[in-house]
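**Student:** Sharing a structure, written as structure tokens. Questions coming.
Just so it is clear, none of the values below were taken in a lab; they were calculated from the coordinates. Computed from a predicted model, the values in this text were never measured in an experiment. Ideal geometry is used to build each Cβ from the backbone, glycine not excepted, and the neighbour counts take in all protein chains shown.
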Amino acid sequence: MLKYLLKRLVQMIVVLFTVSVIVFLVMSFTGDPVLMIVPPTATDAQIAEARTALGLDRPLWVQYGVFLQNLLRGDLGVSYIFKRPALTLIVERMPATLELVFFSVLLSLAVALPCGVYAGARPNSPFSRAVMGGSLLGISLPSFWVGILLIFYFAVEKGLLPSSGRGATAPLFGIPFAFLTWDGFRHIVLPAVTLALGTLAMLIRLIRAQIMEVMRQDFIRFARAKGVSWRSLFFSHALKNALVPVVTVFGMQIGSLIAFATVTETIFAWPGMGKLLVDSINTADRPVIVAYLMIVAAMFVLINFIVDIVYTLIDPRIDLR
Amino acid sequence: MSAKKEGFFKSEFFHNFVRSPGALAGLFIVTFFVVLVTAGPLFTPQNPYDIGSLDLMDAFKPPVWMEGGDPAFVLGTDDQGRDLLSAMVYGSRISLFIGLSVVVLSCVLGTFLGLVAGYFGGRLDSLLMRVVDIQLSFPAMLVALFIMAAFGRGLGKLVTALTIVGWVLYARTVRGSVLVEKKKEYVDAARLIGLSPFPIILRHVLPNILTPLIVIATIHVGTVILTEATLSYLGVGVPVTRPSLGLLVKNGYDVLFSGLWWSSVFPGMFIMLLVFGINLLGDFLRDEFNPRLK
């Protein structure tokens, strides 16, 4: 086990290193950061001076060395727009994104588990067919459009729920969260529903397919022949085995939710790190883009690692190499 | 040819297809869009890119069935007097064009690399699969967003970015299938009669792994159209001069609060309908080609 953990740790570092090289290279071929910093009235001599001061006249590999060194010290540069460290900006906005993702996860699980399990157990019932049709429609929906429809109906037409911002927050362990206040909770409803929809539809289809797959297997037929009741067969034999791969995909989905939060946060003006990314792209705020990518890459690598560990823990057949 | 055609109409595939309401609905929707984007521009009332044909007097017109609607503008107009239906026809064109070109490019690239990696194995194979693994551990949307953020908006750039995130699906699937096929006797036989690797790969292995490819490619068209719409919505996709359906939704959202709900609702409905149709077909194909379900 320890050997496996060490091996995975090395792999994680290699992946993050690769990501840092790619992000650095791609970003250095685009735009000129010097022009973002100097005032528009600067003379050529002043621009050249600024370039030297920033170290941007040195060879690319030296620049990467500096970048990596700073990265390891937790220094990801200063935002051109906010004039504050990019890392601080992102860390400040992280709780907002995480709470949005958390509620979407909760919502999609609460709906997808019962629906998917039922559709897998009774694939031919009218309800299951409706669920399957609905979930196919769900994966075809552009999430930003759903957000717009929800805003139009619930906020503009009915005035029931707020359409933008995060509302009031209350601290938990010193971190401000919106869901702890009634006003904040009202703000989270529409974005969380929007974000959950795609994952929910995908999970339903996955869970159903897994259950149907397991129900066809020999050990189920054997248990059936042995006279195990349908209820116990389904819940203690089939369900347990069907949900193992769901855990992996679900872990991947959390990463994808963080990515799609950029869209949802932009629509609902939710002050999370995804909206910060989109704003930074529009203002060409390079340090913030780089910092976001590095932090999110680290999060994904960590999530994948945790998923792998959980997977080996719940499925004894997986052997640690 | 005619015997072959007759064979198709008597095949199990055709038999199942005409009896599947989902597949027929999918075919209907996709055909509708194909006709719309090829013939539609001939009879749309306006060329939405021709600024000269716009008249500000036509701005803010609601759809024809609402009070104040104008029969010339069936789905209403935007804040500049642009006919929404015309814009949607041209937008569908761009969305479908991007969807199809990205799928063709990633399919060719991914299949080729997957075939080579799977057949030859070795160092190339492990390098390629490492790249695929790393890339698949990041959501495609985010990778595409990053590429577009770096290179700026543009049709060619968008197709390139979506191909860079798309080829891995094909490479992984093809490689897996090749590893299975490689052990079969017909490959040994082809080798024994002295064929060199590339004819074997292209003329013997490739035809045998086409079915999973068709399924992936079909569903991929829908995914690409959705991703493209999302990127364009975020303002990093197609240029403003070539609005796809996603950009139309964004433009519509900007005027939503002045009451022009139609200019974001209808383009979005088009995206949903198009992707839903493609997914219906993809779903049918997957069930049909999956031997385990039979």
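**Student:** For segment A:115-145 and segment A:212-276, compute the distance between their C-alpha centroids and round to whole Å.
**Tutor:** Result: 14 Å between the Cα centres.
**Student:** On C-alpha positions alone, give me the angle between the axis of helix B:245-254 and the longest principal axis of chain B, in degrees, nearest 10.
**Tutor:** That helix lies at roughly 40 degrees to the long axis.
**Student:** Rounded to the nearest Å, what's the spacing between the alpha carbon centres of segment B:166-232 and segment A:1-17? Just the number, please.
**Tutor:** Here the answer is 31 Å between Cα centres.
**Student:** Next up: Just checking the output field for B:130-139: average partner chain Cβ neighbours within 10 Å of each residue's Cβ?
**Tutor:** Average neighbour count from other chains, rounded to a whole number: 5.
**Student:** Another question, then. Counting only other chains, what is the mean number of Cβ atoms within 10 angstrom of the Cβ of each residue in peptide B:251-257?
**Tutor:** Values: counts 0, 2, 7, 0, 0, 5, 5.
The mean count of partner-chain Cβ atoms within 10 Å per residue comes to 3.
**Student:** Place the peptides A:69-78, A:193-202 in order of packing, highest mean first, counting for every residue the other Cβ atoms within 10 Å and averaging per peptide.
**Tutor:** Result, highest mean Cβ count within 10 Å first: A:193-202, A:69-78.
**Student:** Below 8 Å, C-alpha to C-alpha, sequence gap of six or more: please give me the relative contact order for chain B in percent.
**Tutor:** Relative contact order comes out at 23 percent.
**Student:** Please report the relative contact order for segment B:194-294, taking Cα pairs under 8 Å with a sequence separation of at least 6, and give it as a percent rounded to a whole number.
**Tutor:** Details: 81 pairs, mean separation 28.8, N = 101.
This gives 29 percent for segment B:194-294.
**Student:** How about segment B:230-293: which chymotrypsin sites (Phe, Trp or Tyr not before Pro) there lie in a loop by DSSP and see at most 12 other Cβ atoms within 10 Å?
**Tutor:** Here no chymotrypsin sites (Phe, Trp or Tyr not before Pro) fit, given the DSSP loop and packing criteria.
**Student:** Using only Cα atoms, locate the centre of segment B:238-258 and the centre of segment B:135-164, then give the distance between them in Å, rounded to an integer.
**Tutor:** 20
**Student:** Using the crude model of +1 on Lys and Arg Cβ and -1 on Asp and Glu Cβ, and no other charge, please compute the dipole size for the protein assembly as shown relative to its Cα centre, in debye to 20.
**Tutor:** Value, rounded to 20: 2520 debye.
**Student:** Right, something else. Considering the dipole of the protein assembly as shown built from charges on the beta carbon (Lys and Arg +1, Asp and Glu -1) around the Cα centre, which of A:LEU277, B:PHE43, A:ILE175 is farthest to its positive end?
**Tutor:** The listed residue farthest towards the positive side: A:ILE175.
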